[in-house]
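The structure appears below as structure tokens.
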Amino acid sequence: CSVRHRHIVTKKLSNNSANTTTTIAGNGIAGSGPYMLNIPRGIFVDVGLNLYIADCGNNRVQLLQQGYTNMTTVVGYGSNQTIRLQCPTSVVLDADGYLFIADYYNQRIIGSNANGYRCILGCTNGNGSASNQLSQPWSLSFDSYGNIYVNDAGNSRLQKFLFISNSCDEVIFYDDTLTSITNLNITTTTSYQNGM
């Protein structure tokens, strides 16, 4: 669980009757060091128990490998990648191990492939409500067919982008064809324990 205003990520074991929460990333102070976070948002745990963190305040995605205490910057500020992030809010790995990022203030979705990182949705027209635009994308996920769903928060809609694969040159595209669900009214409940 990311606790954004405490600048940490915590874990709680489901089989723990004591209900104990443990800090696994960050030190409680906003910062950009290899063990620090600044307003962490979305997290993703892969099959190897490696933790990916959308470190919004530092404009980067951090990776905490299983068994390590320091994080490495995968993409964004402080990495050798050429793409710039502006408050990543969600990270997801697909079935092939490629990373996808909701880039909140840049109004786009970033994806990785064998050649590095590139924009895959919201790439050309900036902030807006047209079918090829996003406004403050908050989160993303995939279905079993490879279609991508984006919580397009600034437009109060959920967009579905269809997966298209060109088998001749193995390039993957996401079509601008979409299904929108507008005017979402979502209520969430968050409980805080021990001052969290």
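The values are calculated or read from the model by the stated rules, or taken from the named source; none is laboratory data. As the structure is a computational prediction, the values presented were derived from the model and not from experiment. Don't worry about glycine lacking a Cβ; one is built from the backbone with ideal geometry, like all the others, and counts go over all protein chains shown.
Results for (1) closer than 24 Å to Lys160 by Cα; (2) modelled with pLDDT under 95; (3) not aliphatic (A, V, I, L, M), shown as yes or no for each residue.
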position: Ala30; (1), (2), (3): no, no, no
position: Gly57; (1), (2), (3): no, no, yes
position: Gly76; (1), (2), (3): no, yes, yes
position: Tyr104; (1), (2), (3): yes, no, yes
position: Ile120; (1), (2), (3): yes, yes, no
So how many residues does segment 127-186 have that are modelled with pLDDT of 55 or more and part of a strand (DSSP E or B)?
23
Within segment 14-27, considering residues that are at pLDDT 80 or above and over 18 Å from Arg41 (Cβ atoms), the one surrounded by the most Cβ atoms within 10 Å (Cβ to Cβ):
Thr21
Within segment 120-137, residues being on the phi < 0 side of the Ramachandran plot and in contact with a Phe, Trp or Tyr (Cβ under 7 Å, 6 or more places away or on another chain) number 3
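Here is a yes/no grid of residues against (1) among the acidic types (Asp, Glu); (2) under 14 Å from the mean Cα position of the chain (by Cα):
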| position | (1), (2) |
| --- | --- |
| Met36 | no, no |
| Val47 | no, no |
| Leu51 | no, yes |
| Asp55 | yes, yes |
| Thr72 | no, no |
| Thr82 | no, no |
| Gly111 | no, yes |
| Asn115 | no, no |
Being surrounded by 14 or more Cβ atoms within 10 Å (Cβ to Cβ) and within 15 Å of the chain's Cα centre (by Cα): is that true of Gln159 here?
no
Would you check which residues across segment 56-72 are closer than 11 Å to Ala25 by Cβ, assigned to a strand (DSSP E or B) and touching a residue at least 24 places away in the same chain (Cβ under 8 Å) and list them?
Gln62, Leu64
What's the number of the only condition in (1) surrounded by 15 or more Cβ atoms within 10 Å (Cβ to Cβ); (2) out of contact with any strand residue (DSSP E or B) (no Cβ under 9 Å at 6 or more places or on another chain) that Asp55 fails to meet?
(2)
Restricting segment 73-126 to residues that are among the charged types (D, E, K, R), within 22 Å of Asn50 (Cα to Cα) and touching a residue at least 24 places away in the same chain (Cβ under 8 Å), the one surrounded by the most Cβ atoms within 10 Å (Cβ to Cβ) turns out to be Asp103
Could you tell me whether any residue of segment 36-55 is within 18 Å of Val75 (Cα to Cα), without any contact (Cβ under 8 Å) to a residue 24 or more places away in the chain and either touching a Cys at 6+ places or on another chain (Cβ under 8 Å) or in a strand (DSSP E or B) (or both)?
yes
